[in-house]
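The values are calculated or read from the model by the stated rules, or taken from the named source; none is laboratory data. Not measured: the values here are computed from a predicted model. With ideal geometry, Cβ positions are generated from the backbone for all residues, glycine too; neighbour counts draw on all protein chains shown. Please note that ligands, DNA and RNA were not included when accessible areas were found on the heavy atoms of the full protein model with its side chains. Shrake-Rupley method; radii C 1.70, N 1.55, O 1.52, S 1.80 Å.
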Amino acid sequence: MIRGQRADDTLLTQDQPITVYMDEAVLSPMQGSNLGMFDLENVQVLKGPQGTLFGRNTTGGAVLFTTAKPTNEFEGSVRLGYGNFDTKTATAVLNVPVNEQIRLRAALDYTKSDGYGRIVAGANAGQRLFDRDELNLRFTAAIDPTDWLRTMTTVYHSRSDNGGVAFTLLDTPSPAGAAGFVFGQAMSDAYARAKTRSVYDSEDGRGTQFARTRVTGVIHTDTIELDDNLTFKNIFSYRRAKDETSNDFDGTLVPVLDPAGATYTKTYSEEAQLQGRAFDDRLNYIFGAYYYVLKGLDGAGIPRFGAGTITFGQPSTVYGSVNNTSFSAFAQASYKLTDSLNLTAGLRYTTDKREATLTNGNFPLTVCSFRDNAGVPLPANACFVDVEKSFSKPSYLVSIDHKFGEDTLVYLTHRYSYRAGGFNLRAATVDAAQQSFKPETVKDLELGIKQSSNLGGGLRLTANLAGYYQWYNDVQKGVSVLQSDGNVGTVTQNAAKANIYGGEAELGLRYERLVELNFNYAYVKAEYKNYATLTTVGGVSAQPDDFSDRQFKYQPKHQINANLILTPDVGDIGQLSITANVYYQSKVFFSEDFQNRAQLIRRLAPGAVPFLPTDTVFGQKGYALVNGRIELGNISGSGFTAAVFGRNLFNKRYVDSAIPFQDSVGIDTGVYGAPRTYGAEVTFKF
């Protein structure tokens, strides 16, 4: 999440507000984008609307991972680790300069862990949960055929296999909810069993639970120096991803919510840039064009995947064949008005096209849930709805910054960008499938200061301070509903307007090379404006209601991340480093539909209100996590480094994510964050 914006869902029919890049290439879709992030040169987080400089346009921001590049030195490293829950890790890097024109680098990362949970009842009783079996491979070749042409090619592959996570009931099931009404005492008994076991254990009523991911890709970059002031750069990427999951969302033997899903995608992107300098280097500019294609299947009951989603014991088929394209042209220029005053402006225009063929029915597909305009179900062999729509909008940036001496920079930035609209892949009717949601737009204003000060006596202070205000229109928000076909689904709606404002402080204090303190604080206030929509009121669907008093879900108002690093001099023994880390976040809500008892009661049918449990959970209270690491590097000059570490040292229990269905199904379920983990590592560099 960046400044109040996060992905509500990962459907192929909906773009994400925050884009992840690896070596300037977009990693899309989100499935598998967290794999293979090792042997990195740097990580950057760009906050606010983006799109005038490179890549794709986004409303929330971008995260840029830059992998380590081949060097001119023969070098490498091997790191081995072991931790609790029988966690084994290995990372290896080898860099080989073949000659002056060719440099190669290979890297491997492997993790194997038993995990900290199990399935305690069901067909797969004994299966491990929260386990990890991941292998990441990367090979990079830097080839410079001439002094004016440089090429970089990276090929990567990742695979991940595990048994999934443990969902657990967070509060008492309502006997008046759909689950309690259908399954009666079985739901109460399931909750009673959940209260007696670890939050990391779960029952499995589906009969199979897993999460499998495969990602393969290539990124090729050509850089041509046309002259001393002009450079042409071309970035091509191809990515193929397969993600398959089978879960038990209610974590019980009762077949209430047992989704399965699969995503198969191929993505291509092509970006051309012309970078230059002019007017005695006072002007720096970039012009570019970007083209992106995504083709894939997404959903449950896909013929090649097989498994369908089970809701109230009934299996269903819901999936879409998707074809997304995006084309844009962009330019950005920065001009030094004086030696200390700089003006930057950028513009982008993007056209996005969304095409999909949607299917919704039982599993295997013999009865179609889609109905025509007369209300007649479509035949099973024609249970397809074709949808298509294009969206076009600009993105822009205007910024001015001024240097006060060598150590202080003040800037003021205004940005605007958009996220394309799309279609609801899980729509239950033809009308709902054909109705697209609109693009969302964000414009912001940010004022900041970056400063570095020598305080004397060996003390040095760095400070980055920023305040911002965002105007957020046609917000795309996912809402969970009990659909007309009897299945629980998530639909995306445009939630009118919202304002997001806040401030950020990054402070660093260093005393010579002995002590370093880093303190990061973020305040975010995200509130809706004019958020009126048709929802369920008093148990009656499609009633007007005002959600303007709701806060953004999963967005804490306060976040703190503090690091204390001690590096005492231990002489020839090695380089000792002791690190303590504290992360804190304030309360978050799990839903924007209801965040207190009064809001939930408003959504229930009058007859269900007396049965509403008194222990209903609406969010996660604020909590802090403490982590630590002790490392002794280059022991006696041998090239060996040894370290011990611990995460969540005080074993804090907190809900990391939740699925609140109290208003529709009568249950709330969630997944708890990782318990205390610890281990040791040894690294050898050569």
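Would you confirm whether any residue within the stretch 108-115 is in contact with a helix residue (DSSP H, G or I) (Cβ under 7 Å, 6 or more places away or on another chain), among the β-branched types (Val, Ile, Thr) and either surrounded by fewer than 17 Cβ atoms within 10 Å (Cβ to Cβ) or assigned to a strand (DSSP E or B) (or both)? Taking every residue of the stretch 108-115 in turn, none turns out to be in contact with a helix residue (DSSP H, G or I) (Cβ under 7 Å, 6 or more places away or on another chain), among the β-branched types (Val, Ile, Thr) and either surrounded by fewer than 17 Cβ atoms within 10 Å (Cβ to Cβ) or assigned to a strand (DSSP E or B) (or both). Please work out if Val671 is buried (at least 17 other Cβ atoms within 10 Å of the Cβ) and either assigned to a loop (DSSP other than H, G, I, E, B) or aromatic (Phe, Trp, Tyr) (or both). Taking the combined requirement at face value, the residue does not satisfy it.
When residues in the stretch 456-470 are screened for being of a type in the set (D, E, K, R) and without any contact (Cβ under 8 Å) to a residue 12 or more places away in the chain, 0 of them pass. Here are Phe552, Phe590, Phe594: which of them is open to solvent by less than 40 Å² (accessible area, probe 1.4 Å) and in contact with a Leu (Cβ under 6 Å, 6 or more places away or on another chain)? Result of the check over Phe552, Phe590, Phe594: Phe594.
Could you tell me whether Asp147 is outside any strand (DSSP E or B), out of contact with any Lys or Arg (no Cβ under 9 Å at 6 or more places or on another chain), farther than 20 Å from Val256 by Cα and acidic (Asp, Glu)? Considered against the rule, which asks whether it is outside any strand (DSSP E or B), out of contact with any Lys or Arg (no Cβ under 9 Å at 6 or more places or on another chain), farther than 20 Å from Val256 by Cα and acidic (Asp, Glu), Asp147 comes out as yes. Would a scan of the stretch 369-388 turn up a residue that is closer than 26 Å to Thr309 by Cβ, at pLDDT below 95 and in contact with a Pro (Cβ under 6 Å, 6 or more places away or on another chain)? Looking for residues that are closer than 26 Å to Thr309 by Cβ, at pLDDT below 95 and in contact with a Pro (Cβ under 6 Å, 6 or more places away or on another chain), one finds at least one in the stretch 369-388, hence yes. Checking Arg138 against (1) outside any strand (DSSP E or B); (2) in contact with an Asp or Glu (Cβ under 8 Å, 6 or more places away or on another chain); (3) within 30 Å of Leu149 (Cα to Cα), which single condition isn't satisfied? Exception for Arg138: condition (1). Applying the condition of being open to solvent by less than 70 Å² (accessible area, probe 1.4 Å) and touching a helix residue (DSSP H, G or I) at 6+ places or on another chain (Cβ under 6 Å) to the stretch 358-401 and asking which residue is nearest to Leu11 (Cα to Cα) yields Leu358.
Filtering the stretch 675-685 to residues that are buried (at least 17 other Cβ atoms within 10 Å of the Cβ) and not acidic (Asp, Glu) leaves Pro675, Thr677, Gly679, Thr683.
Every listed requirement among (1) closer than 22 Å to Lys652 by Cα; (2) in a loop (DSSP other than H, G, I, E, B) is met by Asn581 save one, (2). Screening the candidates Val199, Val218, Val182 for the property of being open to solvent by 50 Å² or more (accessible area, probe 1.4 Å) and either among the aliphatic types (A, V, I, L, M) or closer than 30 Å to Pro145 by Cα (or both) yields one hit, Val182.
Leu12 fulfils the conditions (1) within 26 Å of Arg105 (Cα to Cα); (2) of a type in the set (A, V, I, L, M, F, W, C); (3) in a loop (DSSP other than H, G, I, E, B); (4) touching a Ser or Thr at 6+ places or on another chain (Cβ under 8 Å) except for a single criterion, (1). Tell me, please, whether a residue that is of a type in the set (Ser, Thr, Tyr) and open to solvent by 30 Å² or more (accessible area, probe 1.4 Å) can be found in the stretch 615-635. Within the stretch 615-635, not a single residue is of a type in the set (Ser, Thr, Tyr) and open to solvent by 30 Å² or more (accessible area, probe 1.4 Å). Is there any pair with a first residue in the stretch 370-390 that is at negative phi and a second that is among the acidic types (Asp, Glu) and modelled with pLDDT under 90 whose Cβ atoms are under 7 Å apart and which are 6 or more apart or on different chains, and what are they? So the pair list comes out as Leu378/Asp372.
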